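Enquirer: Structure in structure tokens, see below.
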Amino acid sequence: MKTRQIISFFALSLSLLSVQARAGEIASPKQALVQALFSEAYNKHELGHLDRYFDPAFVHRDARGDLGLAAVAANFAPVFAAFSDWHAQIEQTMVDGDRVLVFVSWSGTHDGTLRGYPATGKKVQVRTADMYRIADGKIVEHWDVASPLDLMQQIGLLDFKFGK
């Protein structure tokens with residue numbers, strides 16, 4: 001049921017172009033919170049003050065199950081170590097009630113070890129769709145659609161090509 005709700009939200013969000021904000025435009029305090037998370041924490045690789053953005057009861061929901069705030073830092077720390085120039089560019093933002101949906105382009109150069117795999121020097125770009133639920137000025141839930149296989153393919157750890 002929750003998966004169906006998430007898919008419905010993504011579909012609805014795509015149809016709500018009237019509440020869409022262009023890159024750099026801040027339409028609401030909820031959007032500003034998510035924008036600050038990306039610009040201040042993720043793009044500056046500053047994971048020490050995540051409590052500025054996330055509620056203590058925060059839940060990250062993905063295929064691994066429901067994870068807490070510690071998982072956010074645990075997921076990003078190895079990426080920052082492996083890609084010293086890791087950067088997120090929010091391409092599109094949509095706000096609907098207590099939800100903020102962002103489409104993000106992440107990029108960087110694989111110049112460090114990633115989970116035991118040595119640096120390749122390859123530049124990568126991956127895209128995600130991230131949905132945040134905001135309550136009382138903090139992020140309380142997060143869902144994402146990401147493809148780690150795409151990253152692995154770009155740095156040469158996976159030899160798989162679509163359509164070939």
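The values are calculated or read from the model by the stated rules, or taken from the named source; none is laboratory data. Keep in mind that what you see is a predicted model, and the values were worked out from it rather than measured. Backbone-built Cβ (ideal geometry, glycine too); neighbour counts: all protein chains shown.
Enquirer: Within segment 63-78, work out how many residues are in contact with a helix residue (DSSP H, G or I) (Cβ under 9 Å, 6 or more places away or on another chain), surrounded by fewer than 18 Cβ atoms within 10 Å (Cβ to Cβ) and within 23 Å of Ser107 (Cα to Cα).
Expert: Counting residues in segment 63-78 that are in contact with a helix residue (DSSP H, G or I) (Cβ under 9 Å, 6 or more places away or on another chain), surrounded by fewer than 18 Cβ atoms within 10 Å (Cβ to Cβ) and within 23 Å of Ser107 (Cα to Cα) gives 2.
Enquirer: I've got another one for you. Give the residue, chosen from Arg22, Arg4, that is loosely packed, with under 13 Cβ neighbours inside 10 Å, modelled with pLDDT under 60 and within 22 Å of Glu91 (Cα to Cα).
Expert: Going through Arg22, Arg4 in turn, the sole match is Arg22.
Enquirer: Mind listing just one residue for me: the one in segment 137-164 that is among the hydrophobic types (A, V, I, L, M, F, W, C) and either assigned to a helix (DSSP H, G or I) or closer than 15 Å to Arg64 by Cα (or both) and, of those, modelled with the highest pLDDT?
Expert: Result: Trp143.
Enquirer: Could you check how many residues of segment 108-127 are hydroxyl-bearing (Ser, Thr, Tyr), loosely packed, with under 15 Cβ neighbours inside 10 Å and without any contact (Cβ under 8 Å) to a residue 40 or more places away in the chain?
Expert: 1
Enquirer: Hey, among the residues in segment 94-123 that are touching a Leu at 6+ places or on another chain (Cβ under 7 Å) and not aliphatic (A, V, I, L, M), which one's farthest from Met152 (Cα to Cα)?
Expert: Asp96
Enquirer: Next up: Which of the numbered conditions does Asp144 fail, given that it passes all the others? Conditions: (1) within 22 Å of Asp62 (Cβ to Cβ); (2) buried (at least 16 other Cβ atoms within 10 Å of the Cβ).
Expert: Every listed condition holds for Asp144 apart from (2).
Enquirer: Select from segment 94-107 the residues that are surrounded by fewer than 17 Cβ atoms within 10 Å (Cβ to Cβ) and under 16 Å from Gly137 (Cα atoms) and list them in ascending order.
Expert: Asp96, Gly97, Asp98
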